[in-house]
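Enquirer: Just passing along the structure, written as structure tokens.
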Amino acid sequence: MKKYVTLLAVSLAAIVALGFLVSDIGAKEDERQKINAGRQINIESPAQTSQWQRYFPRQFDGWKKTKDSREVVDMIAKWPALAIVWAGYPFSKDYNAPRGHYYSVADNINTLRVGAPSEKVDSPLPTACWTCKSPDVVRLMETKGDLGFYTGKWNKWGDEIVNAIGCYDCHKTDTRELKVGRAYVDQGLRAAGMPVFADSTHQTKRDLVCAQCHSEYYFRPTPNGEATAMVVTLPWKNGLGAEEQMSYYNDGKNFPDGKPFKDYENKLSKAPIVKAQHPDYELHLSGIHGKKGVSCADCHMPYKQEGATKFSDHQVQSPLATMDRSCMPCHRESEAKLKSILKEKYDRKETLFGLAVNNLAAAHLEAQKAWEIGASEAEMSAPLNLIREGQWRWDYAVASHGGFFHAPDETLFILAKANDYAQQARAALKITLAKHGAADYVVPDFGTKEKAQKLAGWDMAQLIDDKKKFKSEIVPAWNEQAKEKGLLDEKIRDYDDDVASWFGKNK
Ligand code: HEC
Ligand code: HEC
Ligand code: HEC
Ligand code: HEC
């Protein structure tokens, strides 16, 4: 009998303890919800992230730590073939892997892609190249309207866009609920037949704030009086996958000029290329986590606990740094085991990345040679189209740096197709080269960044000289003007932004 009493007491104690635990978890969730909804705040210049600090110190501290991810990985040094496949397009001048949100504006200023505008010379790129870099963009879209924002060259907003990605990119100022401040997201969702942001579930909103910037897009020429605005547009009408997006781009009916879309013509091969840009959101949806409803924020902004308060970790970074909070709530495997699974996925992607991009680069160079020795438009059209199809798929798979993990099957599947297209292009070009007496043509060595950029036709020394001048003469003036207009958040602009692949790696 005594045994049963003891057992009963222990069980009761356990139930009570469990009750406390559950109510404790409940209280923390309540606390987070309370913080999340309701309290009226008043922020005068919301694009200045330091103004949010006094209301939300924990989120601010996390956000500021995105500064810790500072390393610059020069992707063209790693994969010189990039300079060939992007020849004639600014990406072949300079391209680094992404790093912390804190550096978004600095990196946009630093990249050789935007050129070295001055009083006399415009940037080669449109204002749209600021779109996913700053909460000042949201402010400008609100004050100038979409067309006002998207009209003109990149340098037009040099003294207006000065603050890195911050709270105002993802939150409303009055209730601090999640928002998307960029109209093209809802337009893209509508085109795809998906619910718009306001009609989405809370969990989906935790994806869509990221999808504002981590999605494939193109610049749609749109008349604005005499001028033409280049409007960021999501190619989602036929669906969000690589094949559906390409079918959209290939259908001239979707474009004002009635022709299939191209971002540029490759300078060497003349192939009409669509440049894929970080379709993280789309690939995520096609992977197992996306399909099971896990959101970007679950892994990249896991919950954190401080005393009785539970909040979202605003240090958006690689979840491998926070596996205990990002993965372990759902997985039983050890961190080491999960890491080794990821390493295998990464290595496989890297192998297919290399095969596909090196074949694509060789195809571009072979096409260049074929033109040189007199191949006709009719002979070239099929192989150039194969290059276009292959390069799109390769870029779609790898421009999203996390795709190897977010959607490993899809990533490897489209990389395999990319490589097949590239091989088909090369086989066709071999025949054309033979017909014109160059059966034994061997492509020149593009094995280093220097060699590849020379083949792409850039005078890198000149580009870098111009850039240095731009940085010493124009950028300080922009910052002064932004300061005078009260736009610059001086409290958090303490980074040393002279880190760029052209400046000297990780100096
Ligand atoms: C890239 C988008 C993004 C940025 C930038 C961002 N947040 Fe958040 N924030 C989120 C997401 C996602 C959540 C989770 C919302 C939810 O599930 O309710 C969140 C949650 C919050 C919450 C609710 C409590 C919590 O922590 O879960 C507060 C308060 C908040 N953020 C404040 C800020 C502040 C202040 C800044 C700027 C320093 C900021 N956020 C920057 C996306 C962002
Ligand atoms: C306003 C645009 C914007 C929004 C919103 C945004 N990002 Fe980013 N993100 C960027 C840009 C731009 C970079 C690259 C910054 C650089 O390299 O200077 C980046 C970089 C990253 C990186 C690499 C960080 C590192 O340390 O290597 C991750 C991971 C990331 N974002 C995830 C997210 C997630 C998750 C969300 C939503 C919670 C999100 N981003 C919302 C624009 C955005
Ligand atoms: C909210 C829950 C959740 C979180 C958080 C989560 N996972 Fe998963 N994960 C799943 C589910 C569900 C599956 C599907 C497999 C299943 O049903 O058992 C899965 C599958 C996987 C797989 C095998 C599928 C594949 O792609 O090959 C790996 C590996 C994985 N997760 C790693 C991670 C890592 C690493 C993290 C943290 C960065 C993480 N997961 C975070 C729920 C989660
Ligand atoms: C299940 C967890 C999980 C989910 C959900 C998830 N990610 Fe990731 N993400 C990861 C992991 C793990 C990596 C690889 C990190 C590494 O290699 O260090 C990664 C990598 C990335 C990278 C590349 C970072 C870099 O510096 O190379 C970006 C950008 C990114 N994710 C954005 C997103 C966005 C946007 C979403 C939602 C649309 C999302 N992620 C959803 C776990 C996740």
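The values are calculated or read from the model by the stated rules, or taken from the named source; none is laboratory data. Please read all numbers here as calculations on a predicted model, not as lab measurements. Ideal geometry is used to build each Cβ from the backbone, glycine not excepted, and the neighbour counts take in all protein chains shown. The area values use the complete protein model at the heavy-atom level, side chains included, leaving out ligands, DNA and RNA. Shrake-Rupley method; radii C 1.70, N 1.55, O 1.52, S 1.80 Å.
Enquirer: Every residue in segment 192-207 that is in contact with a strand residue (DSSP E or B) (Cβ under 9 Å, 6 or more places away or on another chain) and without any contact (Cβ under 8 Å) to a residue 60 or more places away in the chain, please.
Expert: Within segment 192-207, the subset in contact with a strand residue (DSSP E or B) (Cβ under 9 Å, 6 or more places away or on another chain) is 197, 202, 205-206.
Those that are in contact with a strand residue (DSSP E or B) (Cβ under 9 Å, 6 or more places away or on another chain) and without any contact (Cβ under 8 Å) to a residue 60 or more places away in the chain: Phe197, His202, Lys205.
Enquirer: Right, next: Is there any pair linking a residue in segment 42-60 that is over 19 Å from Ala482 (Cα atoms) and open to solvent by 20 Å² or more (accessible area, probe 1.4 Å) to one that is of a type in the set (S, T, N, Q) and modelled with pLDDT under 95, with Cβ under 6 Å and at least six apart or on different chains, and which?
Expert: none
Enquirer: Among the residues of segment 294-313, count how many are within 11 Å of ligand 3 (Cβ to nearest atom) and of a type in the set (S, T, N, Q).
Expert: Within segment 294-313, residues that are within 11 Å of ligand 3 (Cβ to nearest atom) and of a type in the set (S, T, N, Q) number 1.
Enquirer: When you go through (1) part of a helix (DSSP H, G or I); (2) farther than 30 Å from Ile387 by Cβ one by one for Val294, which number turns out not to apply?
Expert: Every listed condition holds for Val294 apart from (1).
Enquirer: Hey, does segment 474-490 have a residue that's open to solvent by 40 Å² or more (accessible area, probe 1.4 Å) and farther than 30 Å from Gln48 by Cα?
Expert: no
Enquirer: Could you run through segment 386-400 and say how many residues are assigned to a helix (DSSP H, G or I) and either free of Cβ contacts under 8 Å to residues at least 12 places away in the same chain or within 16 Å of ligand 2 (Cβ to nearest atom) (or both)?
Expert: Residues meeting the conditions: 1.
Enquirer: Any residue in segment 401-416 that's farther than 19 Å from Glu389 by Cα and within 16 Å of ligand 1 (Cβ to nearest atom): show its pairings with residues that are open to solvent by less than 10 Å² (accessible area, probe 1.4 Å) and assigned to a helix (DSSP H, G or I) at Cβ separation under 9 Å, as long as the two are six or more apart or on different chains.
Expert: Gly402/Leu283
Enquirer: Report yes if Tyr103 is crowded, with 21+ Cβ neighbours inside 10 Å and farther than 30 Å from Ala452 by Cα, otherwise no. Walk me through how you get there before you give the answer.
Expert: On the way: crowded, with 21+ Cβ neighbours inside 10 Å: yes; farther than 30 Å from Ala452 by Cα: no.
No, not satisfied.
Enquirer: Considering only segment 318-339, state which residues are part of a loop (DSSP other than H, G, I, E, B), surrounded by 12 or more Cβ atoms within 10 Å (Cβ to Cβ) and among the hydrophobic types (A, V, I, L, M, F, W, C).
Expert: Kept after step one, since they are part of a loop (DSSP other than H, G, I, E, B), are these residues of segment 318-339: 318, 327-334.
Checking which are surrounded by 12 or more Cβ atoms within 10 Å (Cβ to Cβ) leaves us with 318, 327-328, 331, 333.
Those that are part of a loop (DSSP other than H, G, I, E, B), surrounded by 12 or more Cβ atoms within 10 Å (Cβ to Cβ) and among the hydrophobic types (A, V, I, L, M, F, W, C): Cys327, Met328.
Enquirer: For segment 222-245, which positions are open to solvent by less than 10 Å² (accessible area, probe 1.4 Å) and closer than 22 Å to Lys417 by Cβ?
Expert: Residues satisfying the conditions are Pro235, Trp236, Ala242, Gln245.
Enquirer: Further, regarding this structure: Please enumerate the residues belonging to segment 134-172 that are within 16 Å of ligand 4 (Cβ to nearest atom) and either without any contact (Cβ under 8 Å) to a residue 60 or more places away in the chain or in contact with a Leu (Cβ under 9 Å, 6 or more places away or on another chain) (or both).
Expert: Asp169, Cys170
Enquirer: Six or more apart or on different chains, Cβ atoms under 6 Å: show the pairs whose first residue is in segment 66-82 and within 16 Å of ligand 1 (Cβ to nearest atom) and whose second is in a loop (DSSP other than H, G, I, E, B) and open to solvent by 50 Å² or more (accessible area, probe 1.4 Å).
Expert: Matching pairs, first to second residue: Ser69/Gln317.
Enquirer: Separate question: Being away from ligand 3 (no atom under 11 Å from the Cβ), in a helix (DSSP H, G or I) and either at pLDDT 95 or above or of a type in the set (Gly, Ala, Ser) (or both) is the requirement here; does Glu344 meet it? Please lay out each step first, then the result.
Expert: Numbers: away from ligand 3 (no atom under 11 Å from the Cβ): no; in a helix (DSSP H, G or I): yes; either at pLDDT 95 or above or of a type in the set (Gly, Ala, Ser) (or both): yes.
No, not satisfied.
Enquirer: Also, I was wondering about something else. Hey, Leu178 hits all of (1) within 16 Å of ligand 4 (Cβ to nearest atom); (2) modelled with pLDDT under 95 but one; which does it fall short on?
Expert: (2)
Enquirer: Something else: Going through Asp169, Asp146 one at a time, which residue ends up being assigned to a helix (DSSP H, G or I), open to solvent by 40 Å² or more (accessible area, probe 1.4 Å) and touching a helix residue (DSSP H, G or I) at 6+ places or on another chain (Cβ under 9 Å)?
Expert: On the way: Asp169 fails: open to solvent by 40 Å² or more (accessible area, probe 1.4 Å).
When all the criteria are applied, what remains is Asp146.
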